[in-house]
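The values are calculated or read from the model by the stated rules, or taken from the named source; none is laboratory data. These numbers were taken from a predicted model, which means no experiment stands behind them. Neighbour counts run over all protein chains shown; Cβ positions are idealised from the backbone, glycine included. We work out accessible area using only protein heavy atoms, side chains counted, and drop any ligands, DNA or RNA first. Shrake-Rupley method; radii C 1.70, N 1.55, O 1.52, S 1.80 Å.
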Amino acid sequence: MASLSNYLRTHRKRLALSQEEVAFLLGINGMNKAIKVCRDENCAREPSLQTALAYEAIYGKPVRELFAGLYEQVERTVAERARLLRHRKTTKARPKLQEVITNLVSKLTA
């Protein structure tokens, strides 16, 4: 995950918050609260969904913008899976499913 970009540090600094203050807002307890925030900022770990949503609430930016690198990776993976699904025999007999998948592929590869 280290190669994926995120914008947590940028937004934390924009709000003039310390890592310890963000950790408090996230509900992180313990002696090394700031270390967990540092790991999130450095992409050393993937935060839980609850933590990601808390970052969204703190910084006022959507999760997909805060974790842009991870979002782009997930988007590419879903697009590839949608392409594979589009070519399966089961979608041929189900035109509505074929339409939904085609629209998804178009949206994700645009």
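Quick notes on this one:
- Top-ranked residue of the stretch 42-58 - restricted to ones that are farther than 15 Å from SER5 by Cβ and hydroxyl-bearing (Ser, Thr, Tyr), ranked as most open to solvent (accessible area, probe 1.4 Å): SER48
- Selection of first residues in the stretch 7-18 that are under 18 Å from ALA44 (Cβ atoms) and touching a residue at least 60 places away in the same chain (Cβ under 8 Å) and of second residues that are open to solvent by less than 90 Å² (accessible area, probe 1.4 Å) and not hydroxyl-bearing (Ser, Thr, Tyr), restricted to Cβ pairs under 7 Å at least 6 apart or on distinct chains, gives the following pairs, ordered by first then second residue: TYR7/LEU66; TYR7/ALA68.
- Among the residues making up the stretch 52-75, those that are farther than 15 Å from ASP40 by Cα and part of a helix (DSSP H, G or I) are ALA57, GLU72, GLN73, VAL74, GLU75.
- Residues of the stretch 59-81 satisfying the condition of being aromatic (Phe, Trp, Tyr) and open to solvent by less than 70 Å² (accessible area, probe 1.4 Å): TYR59, PHE67
- Test result for ARG39, open to solvent by 80 Å² or more (accessible area, probe 1.4 Å) and assigned to a helix (DSSP H, G or I): yes
- Here the stretch 12-36 is the region considered, the condition is being out of contact with any Ser or Thr (no Cβ under 9 Å at 6 or more places or on another chain) and of a type in the set (Val, Ile, Thr), and the residue that is surrounded by the most Cβ atoms within 10 Å (Cβ to Cβ) is VAL22.
- The residues on offer are GLU41, GLU21, and the sole one that is more than 18 Å from the chain's Cα centre (by Cα) and of a type in the set (Asp, Glu) is GLU21.
- Per-region count, the stretch 40-75, residues aromatic (Phe, Trp, Tyr) and closer than 19 Å to GLU21 by Cα: 2
- Of all residues in the stretch 3-13, those satisfying the criterion of being among the basic types (Lys, Arg) and more than 11 Å from ILE58 (Cβ to Cβ) are ARG9, LYS13.
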